[in-house]
Amino acid sequence: MQIKLAITDDHLLVINGIKAMLAPYSHISVVYESNMPDALMAAIPATQPDVLLLDIQMPEIDGIVLCKQVSKSYPNVKIIALSSFMESHYIKQMLRNGASGYLLKNTNPDKLIQAIEKVNAGEQFLDDTIQQQMLQEMITGQKRSGYDIPLTRREQEILKLIADEYSNQEIADQLYISLRTVETHRLNLTQKLAVKNTAGLVKEAMKRGIVA
């Protein structure tokens with residue numbers, strides 16, 4: 001059965017690498033590719049992909065937010081998160097927002113094909129390395145501290161503006177994004193960094209050297 005695939009990643013090198021890995025597999029066709037995530041929502045009705053490979057770290061809009069938008073508007077599109085991050089927070093957020101799989105960017109062709117075929121068939125796929133890490137966290141109860149968790153470029157921008165006392169609306173205006181997107185990022189940051197309020201976010205920004 002033919003599988004129609006869409007790829008959204010802000011690095012053309014990654015997109016071209018994925019296409020090269022898929023070249024020998026005639027049952028998977030790339031119907032859409034873009035390094036401009038803001039164009040994805042409009043492209044889906046025209047291209048009608050079965051599976052979407054979605055980078056979670058992009059400058060214009062966070063892949064975690066975009067995943068939720070795609071899942072809500074186009075529930076028939078199966079989403080595989082594509083990332084270099086192995087932190088459980090990212091994995092859980094993407095799965096909660098509708099992703100069916102999570103794949104590391106250093107994956108090999110066999111895993112890539114397996115992931116695409118599995119999620120297209122309605123199954124879930126997690127990279128073996130990720131499964132082992134999450135199992136270890138469950139067994140030991142140990143997680144990385146908030147300070148050790150890396151932030152995406154957009155999260156760092158928003159955290160800096162929060163620490164600089166910008167309101168949500170001012171952040172939206174500054175970054176040319178919607179107020180709802182800012183609110184979603186703010187909530188994600190509080191959950192990811194395990195803080196309760198703005199004061200906690202400001203402390204994290206100072207720890208990380210994002211603000212003085």
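Which residues, counting only those in the stretch 52-69, are at pLDDT 90 or above and surrounded by fewer than 24 Cβ atoms within 10 Å (Cβ to Cβ)?
Passing the criteria: ASP55, CYS67, LYS68, GLN69.
Considering only the stretch 103-115, I want to know if a residue exists there that is β-branched (Val, Ile, Thr), outside any loop (DSSP other than H, G, I, E, B) and not assigned by TED's automatic domain parsing to the domain that holds GLN174.
The answer is yes; a qualifying residue exists.
Could you check the stretch 27-84 for strands (runs of 3 or more DSSP E) lying wholly inside it with 1 or more residues that are under 20 Å from ASN188 (Cβ atoms)?
51-55, 78-83
Which number in (1) in contact with a helix residue (DSSP H, G or I) (Cβ under 7 Å, 6 or more places away or on another chain); (2) touching a residue at least 60 places away in the same chain (Cβ under 8 Å) marks the one condition that ILE79 misses?
Unmet condition: (2).
Determine which member of the set ASP50, ASP55 is among the acidic types (Asp, Glu), in the same structural domain as ILE130 (by TED's automatic domain parsing) and over 17 Å from ASN108 (Cα atoms).
ASP50
Conditions (1) crowded, with 22+ Cβ neighbours inside 10 Å; (2) over 12 Å from the mean Cα position of the chain (by Cα), marked per residue:
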| position | (1), (2) |
| --- | --- |
| PRO45 | no, yes |
| PRO75 | no, yes |
| ILE80 | yes, no |
| SER84 | no, no |
| HIS89 | no, no |
| LEU95 | no, no |
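Report, by residue number, each residue of the stretch 14-68 that is touching a residue at least 24 places away in the same chain (Cβ under 8 Å) and β-branched (Val, Ile, Thr).
Of everything in the stretch 14-68, those that are touching a residue at least 24 places away in the same chain (Cβ under 8 Å) and β-branched (Val, Ile, Thr) turn out to be VAL14, ILE18, ILE28, VAL30, VAL31, ILE44, THR47, VAL51, ILE56, ILE61, ILE64, VAL65.
The values are calculated or read from the model by the stated rules, or taken from the named source; none is laboratory data. Note that the structure is predicted; figures quoted are calculated from it, not measured. Note that we place each Cβ from the backbone using ideal geometry, even for glycine, and neighbour counts take in every protein chain shown.
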